[in-house]
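Below: one structure, written as structure tokens.
The values are calculated or read from the model by the stated rules, or taken from the named source; none is laboratory data. These numbers come from a predicted model, not from an experiment. All Cβ positions, glycine included, derive from the backbone under ideal geometry; neighbour counts span all protein chains shown. Accessible surface is based on the protein model in full, side chains and every heavy atom, while ligands, DNA and RNA are left aside. Shrake-Rupley method; radii C 1.70, N 1.55, O 1.52, S 1.80 Å.
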Amino acid sequence: NPLDYSRIVLAGFSQGGALALYTGMTQSRKQSTVGLGLGGITVMSGYLPRSKAFAIARGSEKTQILHCHGEQDSVVPVQAAALSKERVSSLLKETSGGNENSYEVKTYAGLDHSVAIDELNDVAAFLKQVIPPIPITTQADNAPEDDEVDPTKMSVKQLRAEIEKRGLKKESRGMLEKSDLVNLLLQNQN
């Protein structure tokens with residue numbers, strides 16, 4: 001299955017945040033000219049490096065960005081957050097399909113070059129907002145139509161349940177290896 005980039009969020013603190021922001025917005029997919037189109041980017045106490053050379057890759061224009069920064073940051077001044085947003089937003093405004101409002105800066109009073117619980121709560125809320133929910137499937141949704149189960153694709157828990165369902169629990173005593181459980185089911189298929 002191809003990688004679902006819309007379910008990926010790059011995040012980092014300080015230089016890691018700088019790397020997440022730069023890489024997430026400028027890189028193209030492997031063997032493609034299309035940008036990553038990530039679900040989001042989280043920058044904590046970071047900045048946009050190489051801002052003059054910065055260019056947004058086509059396909060990354062809609063990537064949501066949350067930039068969290070302490071107002072008392074003594075390593076990366078809080079102004080770096082505003083300057084980063086200004087540069088990215090100006091490029092998004094020029095880009096067709098770009099959303100200049102997709103870059104949000106949140107500042108935290110009294111916070112130095114560190115992380116606070118309020119910041120982590122904001123990041124958690126951002127992640128819930130930008131990562132699409134996983135579709136819930138039941139075992140019945142994944143079961144083959146002929147109701148035949150393939151033991152080679154089952155977890156140990158599923159193997160043990162199937163063994164019990166087929167009345168083979170006694171035969172499985174002492175079996176510790178998954179391959180033994182698989183072989184037991186394969187030998188006793190209907």
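Evaluate the range 140-156: report whether one residue or more is surrounded by 13 or more Cβ atoms within 10 Å (Cβ to Cβ) and modelled with pLDDT of 90 or more.
no
Among the residues of the range 88-97, are any within 25 Å of Ala18 (Cα to Cα), open to solvent by 90 Å² or more (accessible area, probe 1.4 Å) and at pLDDT 90 or above?
Within the range 88-97, not a single residue is within 25 Å of Ala18 (Cα to Cα), open to solvent by 90 Å² or more (accessible area, probe 1.4 Å) and at pLDDT 90 or above.
Residue-by-condition table, conditions (1) part of a helix (DSSP H, G or I); (2) in contact with a strand residue (DSSP E or B) (Cβ under 8 Å, 6 or more places away or on another chain); (3) modelled with pLDDT under 90:
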site: Val43; (1), (2), (3): no, yes, no
site: Gly46; (1), (2), (3): no, yes, no
site: Phe54; (1), (2), (3): no, no, yes
site: Ser60; (1), (2), (3): no, yes, yes
site: His69; (1), (2), (3): no, yes, no
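Yes or no: Ser74 over 28 Å from Ser6 (Cβ atoms) and of a type in the set (S, T, N, Q)?
yes
In this structure, does Gln31 turn out to be loosely packed, with under 14 Cβ neighbours inside 10 Å and modelled with pLDDT under 95?
It is true that Gln31 is loosely packed, with under 14 Cβ neighbours inside 10 Å and modelled with pLDDT under 95.
Restricting attention to the range 98-115, which residues are out of contact with any helix residue (DSSP H, G or I) (no Cβ under 7 Å at 6 or more places or on another chain) and either open to solvent by less than 30 Å² (accessible area, probe 1.4 Å) or assigned to a helix (DSSP H, G or I) (or both)?
Within the range 98-115, Leu111 is the sole residue that qualifies.
Just one of (1) at pLDDT 90 or above; (2) among the aromatic types (Phe, Trp, Tyr); (3) out of contact with any Asp or Glu (no Cβ under 6 Å at 6 or more places or on another chain) trips up Tyr103, so point out which.
Among (1) at pLDDT 90 or above; (2) among the aromatic types (Phe, Trp, Tyr); (3) out of contact with any Asp or Glu (no Cβ under 6 Å at 6 or more places or on another chain), the lone unmet condition for Tyr103 is (1).
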